[in-house]
Amino acid sequence: MKVLAAMSGGVDSAVAAARAAEAGHDVTGVHLALSRNPASYRSGARGCCTIEDSNDARRAADIIGIPFYVWDMSDEFHEGVVEDFMDEYAAGRTPNPCLRCNEKIKFAAVLDRALALGFDAVATGHYAQLRTGDDGLIEMHRAVDHGKDQSYVLGVLTQEQLAHSYFPLGDSIKPDVRLEAERRGLLVADKPDSHDICFVADGDTAGWLKEKLGDRAPNHSGEIIDDETGEVLGEHEGTYGFTIGQRKGLRIGRPAADGKPRFVLDIEPVAGTVRVGSRSRLAVDGLLGDRARWCGTVPERLEGTVQLRAHGAEHRAVVVTDGSSVTVELLDPAEGIAPGQAVVIYEGTRVVGSATITETRRVTA
């Protein structure tokens, strides 16, 4: 099999490429240049797209003994991920850029180019497992290492994309992958994992949005209102700087009447208001989603589980869909769920599909 190995510069993708080559596949490594100004992206332990990462990927490819190239995907990344990120926050939603990157870049733009060049599959260092089901379809399941499982951010992949995907690390645990990297002489064996948003260089998402949105921002000031009493507790510098469930950085000028901490409950970009309330009001037991994507057969109704954050807990749920939208009844209520986030649907360990959350329903007393 002719395999294109996407090499981020980290230990996981390096070992994935090495395993693919050792398995006898014809492997070519490629690093994705996602910014024409890589110095503006996070570096060291917190990056995945920097010059440092590109050099680490090249050295790993040399040690493995495979050809290596750098593909400029900066325009596609900016349009499909960065612009989407800004638009979603401006609209009062909370996006997941890593999930959107997998959907728009790694398993769309990159996979399309790879297939056009004659490759059979794209290999990555994601922790997930692929199996062939009894019906002949490719199934994606959670990784053996549940602590590293990345099936949530891969829940946007379609059957066609899964048929050309290769995840060599799905049956491994992270400590073993690091030991293997050291054994293979890969210099990234001890490199820390990447975290957070790669294109927000200093980790200050609100500050980054303030600079980048400019006149596109729906507002640059407004009131922070107690949802239970209607009191104005403070002022903000832009609704785009908040997300549902947030507690820190609220800049509340006066304490709530009951003296309890306040959390963001609702964001209203048009009115320019941020509504806050007690933690008990964060719980939701239902949600709606659109832009549904299915890994295989589309179910009409499913009793299974859903995951609402990249490393969040599973919640028992009943899911009903018409194919393009979903209605989810949460049997285990969840806290701080925001429109814009993804709901990924599971049946046991198998990923069924995903959707983008549009509305949530709070638990009523």
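Values in this text are rule-based calculations from the coordinates and carry no lab data. Bear in mind that the values here come from a model prediction, so they are computed numbers and not experimental data. Please note: Cβ atoms are built from the backbone with ideal geometry, for glycine as well, and neighbour counts cover all protein chains shown.
A straight chain from S325 to E300 at 0.36 nm per residue would run longer than the Cα-Cα distance by 7.9 nm. Summarising the amide proton neighbourhood of V70: residues at separation of 5 or more, or on other chains, whose placed amide H is nearer than 5 Å comprise H31. Each part reduced to its alpha carbon centroid, the stretch 86-111 and the stretch 223-241 end up 28 Å apart. Over the residues of the chain, the helix contribution to mean residue ellipticity at 222 nm works out to -5500 deg cm²/dmol, using -39500 (n - 2.57) for each DSSP H run of at least 4. Can you give the angle from 0 to 90° between the axis of helix 174-183 and the longest principal axis of the chain, with both taken from C-alpha atoms, to the nearest 10? In the chain, helix 174-183 runs at an angle near 30 degrees to the longest axis. For the stretch 1-144, treating each Cα as an identical point scatterer without solvent, what Debye log10 I(q)/I(0) comes out at q = 0.19 1/Å? The computed values of log10 I(q)/I(0) come out as -1.22. Spin-label model, L130 to K260: label points 7 Å out along the Cα-to-beta-carbon direction sit 4.8 nm apart. For the chain, the share of alpha carbon pairs falling in successive 10 Å distance bins from zero is 5, 23, 30, 25, 13, 4, 0 percent.
The distance between label points at R291 and D204 comes to 2.8 nm (points 7 Å beyond Cα on the Cα→Cβ vector).
The charge dipole of the stretch 218-277, taken about the Cα centre with unit charges on the Cβ atoms of Lys, Arg (+1) and Asp, Glu (-1), comes to about 300 debye, rounded to the nearest 20. Between amide H atoms placed 1.01 Å from N, distances below 5 Å from Q246 occur with V264, all of them 5 or more places distant or on a separate chain.
When ranked by the protection proxy of mean other Cβ atoms within 10 Å per residue, highest first, what sequence do the peptides 102-108, 160-166 form?
Numbers: 102-108: 21.7, 160-166: 18.6.
Result, highest mean first: 102-108, 160-166.
Beta bridges from DSSP with both residues in the stretch 205-281: antiparallel share about 75 percent, rounded to the nearest 5.
So for L302, L157, fewest C-beta neighbours within 10 Å to most, what's the order? Intermediate values should be presented prior to the final figure.
Values: L302 20, L157 29.
Listing L302, L157 from fewest to most nearby Cβ atoms yields L302, L157.
Each peptide among 15-26, 325-336 gets the average number of other Cβ atoms lying within 10 Å of its residues, and from highest to lowest they stand as 15-26, 325-336. Only Cα pairs under 8 Å and 6+ residues apart enter the sum, and on that basis the relative contact order of the stretch 221-265 stands at 35 percent.
Going toward the positive end of the dipole of the chain, with +1 on Lys and Arg Cβ and -1 on Asp and Glu Cβ, which of F68, S165, L187 do you reach last? Farthest towards the positive end: L187.
With each label modelled as a point 7 angstrom along the Cα→C-beta vector, the M1-D176 pair spans 1.9 nm.
Assuming 0.36 nm per residue, please report the length gained on full extension of the stretch R216 to R361 beyond their Cα-Cα distance.
Details: separation 145, 0.36 × 145 = 52.20 nm, distance 2.91 nm.
Going from the current span to full extension adds 49.3 nm.
Shape descriptor for the stretch 218-277: Rg over Rh equals 0.92 (Cα atoms; Rh from the Kirkwood inverse mean 1/r).
Computed about the Cα centre, the dipole magnitude for the chain is approximately 620 debye when only Lys and Arg (+1) and Asp and Glu (-1) carry charge, each at its Cβ.
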